[in-house]
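I have placed the structure first, in the form of structure tokens, so that the comments after it can refer back to it.
The values are calculated or read from the model by the stated rules, or taken from the named source; none is laboratory data. Quick caveat, the model's predicted, so the values are computed rather than measured. Heads up, the Cβs are rebuilt from the backbone with ideal geometry, glycines too, and the neighbour counts pull from every protein chain shown.
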């Protein structure tokens, strides 16, 4: 049974579990998300408490980048014959479609040593008839690969290539069956020698091949890229896609795709786990190119992508802009970060702005606001900017528990608007969400 869609559309996009290393693909007109699944190390398993711990993979789908459906576990470490099921090492995956079959590639620690005496990481494949599964794992990993972070590109001529990392970034051709190598692995040259490189993701645009990857140039990873004219290179180092995380997350991991005429960057950060950066969450932001084909640097946002329907709960803590000082964000419950955040308007004229709210579908007559204000307060809801037209005023009596209030609104022109909520009195007000009815 499929889970009900989660209505987010802000970053992070999945908030009931941790989802790192997001591989995003378009299948049958939908976006499918194949992340790894961070968990805390279970007790009694002889695992490092302060390290990555992943036992299985989920797949999610969306037709608008806002509503995501969790299709459940598609592969777990207990299902795969060659995987050491005590290692909890199911790291960054990928998935591609060929001839009506879906090939899910994943790394994990192996049970036994290979002919070269190596145990360590292998890369396996699970095959399905549908993008959400069920997936059947192959009995053995791909022979000739020792590494992590698989990524597969099927070029325009039909030739498939697989990329992976282990100290360096490697590439090899795949056979038509998508299960075996068709060339010797090549260590891609001309990439930075200093610092960790991992997580390759390769895509093509206008005849240019982009090799993207996380790289530790300083102390933590940033997203970088190189450009070339062939899937196997040579590649020329070109620039930075995303700087190091302002949250100080040690890793990042990316995928890049085009959907409905717009390019998107999928990545991860640890905002839902600020004290433990081995529990990470998927985010999405728009990505743009310069006229010469180079990539414009992406700044991570809370707002994310997509339109928010005015009739949905609008969580202003995923703001586009806010006043400095005066407005702040905090967890609703520090013991349960999956409960999300709240907005704190702490001084007169403090404000928070949330962009791209869709009022086109229906005529709204009122707005409902969920607040916490022990000393009372007053809010104004404005359109398009902090100085914009006031469409609702909310006068709040003192209340020392979360409470919902409904007030009438002025007529709103059917369009996509930015929303701004302003505190008009000196008393601090906390906001969970607003929605129009």
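Criterion applied to 217, 184, 204 was being in contact with a strand residue (DSSP E or B) (Cβ under 9 Å, 6 or more places away or on another chain) and within 28 Å of residue 302 (Cβ to Cβ), and the one residue passing it is 217. When residue 193 is tested against the conditions (1) at pLDDT 95 or above; (2) at negative phi; (3) surrounded by fewer than 21 Cβ atoms within 10 Å (Cβ to Cβ), the lone failure is (1). Any chance the range 46-61 includes a residue that's within 24 Å of residue 161 (Cβ to Cβ), within 17 Å of the chain's Cα centre (by Cα) and touching a residue at least 12 places away in the same chain (Cβ under 8 Å)? Looking for residues that are within 24 Å of residue 161 (Cβ to Cβ), within 17 Å of the chain's Cα centre (by Cα) and touching a residue at least 12 places away in the same chain (Cβ under 8 Å), one finds at least one in the range 46-61, hence yes. Identify, from the list 308, 294, the residue that is crowded, with 22+ Cβ neighbours inside 10 Å and more than 30 Å from residue 51 (Cβ to Cβ). Exactly one of 308, 294 is crowded, with 22+ Cβ neighbours inside 10 Å and more than 30 Å from residue 51 (Cβ to Cβ), namely 308. On the given criteria, is residue 361 exposed (fewer than 14 other Cβ atoms within 10 Å of the Cβ), in a loop (DSSP other than H, G, I, E, B) and either under 29 Å from the mean Cα position of the chain (by Cα) or at pLDDT 95 or above (or both)? Yes: the conditions hold for residue 361. Starting from the range 115-143, take each residue that is part of a loop (DSSP other than H, G, I, E, B) and list its partners that are at pLDDT 95 or above and loosely packed, with under 14 Cβ neighbours inside 10 Å, counting only C-beta distances under 6 angstrom and pairs at least six apart or across chains. Correct list of pairs: 139/81. Working only within the range 291-302, note down all residues that are touching a strand residue (DSSP E or B) at 6+ places or on another chain (Cβ under 9 Å), farther than 22 Å from residue 349 by Cβ and not in a strand (DSSP E or B). Within the range 291-302, 293, 294, 296, 297, 298, 299, 300, 301 meet the criteria.
So in the range 311-325, with the set limited to residues that are assigned to a loop (DSSP other than H, G, I, E, B) and surrounded by fewer than 17 Cβ atoms within 10 Å (Cβ to Cβ), which one is modelled with the lowest pLDDT?
It comes out as 325.
Just a yes or no: is a residue in the range 164-182 more than 25 Å from the chain's Cα centre (by Cα) and farther than 26 Å from residue 108 by Cα? No, there is no match, as no residue in the range 164-182 is more than 25 Å from the chain's Cα centre (by Cα) and farther than 26 Å from residue 108 by Cα. Filtering the range 63-94 to residues that are in a strand (DSSP E or B), without any contact (Cβ under 8 Å) to a residue 40 or more places away in the chain and surrounded by 19 or more Cβ atoms within 10 Å (Cβ to Cβ) leaves only 89. Among the criteria (1) in contact (Cβ under 8 Å) with a residue 24 or more places away in the chain; (2) more than 29 Å from the chain's Cα centre (by Cα); (3) outside any strand (DSSP E or B), the one residue 410 does not fulfil is (1). When 279, 248 are checked against the criterion of being surrounded by fewer than 19 Cβ atoms within 10 Å (Cβ to Cβ), touching a residue at least 12 places away in the same chain (Cβ under 8 Å), under 19 Å from the mean Cα position of the chain (by Cα) and not in a strand (DSSP E or B), a single residue qualifies: 248.
From (1) touching a strand residue (DSSP E or B) at 6+ places or on another chain (Cβ under 6 Å); (2) farther than 16 Å from residue 97 by Cα, pick out the condition that doesn't hold for residue 160. Only one criterion in (1) touching a strand residue (DSSP E or B) at 6+ places or on another chain (Cβ under 6 Å); (2) farther than 16 Å from residue 97 by Cα is unmet by residue 160, namely (2). In this structure, does residue 34 turn out to be in contact (Cβ under 8 Å) with a residue 60 or more places away in the chain, part of a strand (DSSP E or B) and buried (at least 22 other Cβ atoms within 10 Å of the Cβ)? Yes: the conditions hold for residue 34. Within the range 331-358, if we keep just the residues that are part of a loop (DSSP other than H, G, I, E, B) and touching a residue at least 24 places away in the same chain (Cβ under 8 Å), the residue that is surrounded by the most Cβ atoms within 10 Å (Cβ to Cβ) turns out to be 350.
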